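Undergrad: I have a structure here, written as structure tokens, and I will follow up with some questions on it.
The values are calculated or read from the model by the stated rules, or taken from the named source; none is laboratory data. Note that this is a predicted model, so its numbers are computed, not measured. Here Cβ is always computed from backbone atoms with ideal geometry, including for glycine, and neighbour counts include all displayed protein chains.
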Ligand SMILES: [Mn+2]
């Protein structure tokens with residue numbers, strides 16, 4: 001019996017991940033919960049998305065579920081709580097896995113109804129000094145966790161006396177992808193990439209940004225995507241200077257370029273690709289100049305990727321590439337060293353070079369851990385084989401930006417690839433999607 005929605009990674013892999021958590025919590029107990037279904041207004045809910053830590057450990061895609069992992073060796077070491085079958089509710093909400101099928105599907109010690117969690121929780125955490133918790137924003141569960149700390153002074157009940165963020169453990173585990181995950185991410189990248197290629201020659205047919213966004217998402221689905229990594233960004237003309245522009249009903253103009261930043265998910269794993277395409281098949285001279293600078297930065301930063309390098313180093317390389325490009329093209333007054341030192345470039349490049357990618361489009365960033373188990377704030381660990389990151393240099397000139405010549409105002413160019421770090425260097429998962437100016441003009445030349 002396959003579990004709903006995660007037949008792509010075998011249960012044995014999830015079981016292995018849970019054993020790894022048990023090892024790392026070393027005598028503690030851990031609680032992971034599913035995301036809630038949030039109400040939008042009245043009878044309408046927000047679309048349900050599973051909490052990615054919970055999904056990583058279970059592959060289970062229903063709300064009202066929790067996983068308790070206990071590492072003291074007494075009693076059950078893994079207990080999964082979930083909703084039982086309820087034909088009446090299922091008539092409205094769709095099928096649930098239910099307890100009976102869950103007992104067959106999951107390699108856990110116990111499967112219990114979710115409604116029992118409050119009653120059972122105290123018993124499960126008893127005797128564990130530390131409770132590891134990955135909060136999903138459910139007040140009632142937060143309350144349960146705090147209540148477990150609130151035992152009377154000198155109580156005979158040895159309840160946990162510390163609560164710790166379980167995400168540190170999960171961040172550490174999730175940052176290195178296994179071959180199952182890499183396969184899913186390759187597929188998500190292929191779906192997203194092919195859809196972008198397919199939609200390019202169709203662009204003149206679209207009226208608005210929203211048209212483009214919905215048609216692209218439809219292509220994702222046709223190619224087998226099971227969702228979207230984030231809300232699709234489609235920004236035409238000067239809208240591209242706003243980093244996360246939401247597509248609207250603005251009419252597309254042939255003289256402009258369109259920035260598309262989007263990602264399909266496959267097996268819940270994300271792709272995240274950005275391309276900028278000219279709406280009339282060729283970039284204007286000013287667009288072309290900026291495009292070339294950003295593309296050179298993308299190429300030269302990507303070449304640096306290998307185990308041991310940090311994202312900070314890649315960012316410094318990006319800043320150097322972009323600043324030099326701006327000065328060489330006479331868009332900004334030099335020398336480049338002054339542009340970098342004074343931070344003038346931040347007016348035009350105001351974000352990081354990339355982020356980790358996985359179940360979340362902004363996957364956990366691995367921080368340097370200290371001997372005492374705490375983390376050094378803000379210090380990212382160097383890249384290692386199995387990491388997947390995005391590389392996304394960009395240049396944005398506000399329509400009102402008077403520090404650059406008129407023809408550059410309102411131009412926004414960002415190019416983004418997804419890159420797997422390998423033991424020898426890197427593998428661009430989105431490498432089949434054209435990115436050079438010539439190749440982009442070739443696929444949009446109608
Ligand atoms: Mn991104």
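Undergrad: Could we say that residue 263 is more than 16 Å from the ligand (Cβ to nearest atom), within 18 Å of the chain's Cα centre (by Cα) and within 23 Å of residue 52 (Cα to Cα) here? Let's see the steps before the verdict.
TA: Values: more than 16 Å from the ligand (Cβ to nearest atom): no; within 18 Å of the chain's Cα centre (by Cα): yes; within 23 Å of residue 52 (Cα to Cα): yes.
Answer is no for this residue.
Undergrad: Restricting the range 125-162 to residues that are modelled with pLDDT of 90 or more and closer than 30 Å to residue 386 by Cβ, which is surrounded by the fewest Cβ atoms within 10 Å (Cβ to Cβ)?
TA: 130
Undergrad: On to the next question. If you scan the range 315-354, which residues turn out to be within 16 Å of the ligand (Cβ to nearest atom), surrounded by fewer than 21 Cβ atoms within 10 Å (Cβ to Cβ) and either over 16 Å from residue 412 (Cβ atoms) or not assigned by TED's automatic domain parsing to the domain that holds residue 407 (or both)? First the steps, then the outcome.
TA: From the range 315-354, those within 16 Å of the ligand (Cβ to nearest atom) are 315, 318, 349-354; that's our starting set.
Next, only the ones that are surrounded by fewer than 21 Cβ atoms within 10 Å (Cβ to Cβ) stay: 315, 350-352.
Correct list: 315, 352.
Undergrad: Out of the range 355-369, which residues are within 16 Å of the ligand (Cβ to nearest atom) and either crowded, with 17+ Cβ neighbours inside 10 Å or not in a loop (DSSP other than H, G, I, E, B) (or both)?
TA: Step one: filter the range 355-369 for residues within 16 Å of the ligand (Cβ to nearest atom), giving 355-365.
The answer is 355, 356, 357, 358, 359, 360, 361, 363, 364.
Undergrad: Right, something else. Please work out which one of (1) farther than 19 Å from residue 271 by Cβ; (2) touching a helix residue (DSSP H, G or I) at 6+ places or on another chain (Cβ under 8 Å) is the condition residue 309 fails and give its number.
TA: Residue 309 satisfies every listed condition except (2).
Undergrad: To continue, here is another question. Scan the range 240-268 residue by residue and report those that are free of Cβ contacts under 8 Å to residues at least 40 places away in the same chain and touching a helix residue (DSSP H, G or I) at 6+ places or on another chain (Cβ under 9 Å). Step through it out loud before you land on a result.
TA: Narrowing the range 240-268 to residues free of Cβ contacts under 8 Å to residues at least 40 places away in the same chain: 244-247, 253, 255-256.
Answer for the range 240-268, where residues must be free of Cβ contacts under 8 Å to residues at least 40 places away in the same chain and touching a helix residue (DSSP H, G or I) at 6+ places or on another chain (Cβ under 9 Å): 245, 246, 247, 253, 255, 256.
Undergrad: Now for a separate question. Do you know which of the residues in the range 266-292 that are assigned to a strand (DSSP E or B) and away from the ligand (no atom under 16 Å from the Cβ) is surrounded by the most Cβ atoms within 10 Å (Cβ to Cβ)? Quick ask: steps written out before the conclusion?
TA: Applying the first criterion (assigned to a strand (DSSP E or B)) to the range 266-292 yields 266, 269-270, 273-278.
The next check asks that each one be away from the ligand (no atom under 16 Å from the Cβ); those that pass are 266, 277-278.
Numbers: 266: 25, 277: 21, 278: 23.
Across the range 266-292, the extreme among qualifying residues is 266.
Undergrad: For the range 167-188, how many residues meet the condition of being in contact with a helix residue (DSSP H, G or I) (Cβ under 7 Å, 6 or more places away or on another chain) and under 10 Å from residue 134 (Cβ atoms)?
TA: 3
Undergrad: Here's a follow-up. Residue check: is residue 59 within 21 Å of residue 170 (Cβ to Cβ) and buried (at least 21 other Cβ atoms within 10 Å of the Cβ)?
TA: Details: within 21 Å of residue 170 (Cβ to Cβ): yes; buried (at least 21 other Cβ atoms within 10 Å of the Cβ): yes.
Criteria met by residue 59.
Undergrad: Can you find a residue that is modelled with pLDDT of 95 or more and within 16 Å of residue 237 (Cα to Cα) anywhere in the range 295-318?
TA: no
Undergrad: If you don't mind, there's one more thing I want to ask. Enumerate the strands (runs of 3 or more DSSP E) found wholly within the range 388-435, keeping only those where 3 or more residues are within 14 Å of the ligand (Cβ to nearest atom).
TA: Values: elements: 388-391, 394-396, 412-414, 417-421, 426-428.
Strands (runs of 3 or more DSSP E) meeting the threshold: 388-391, 417-421.
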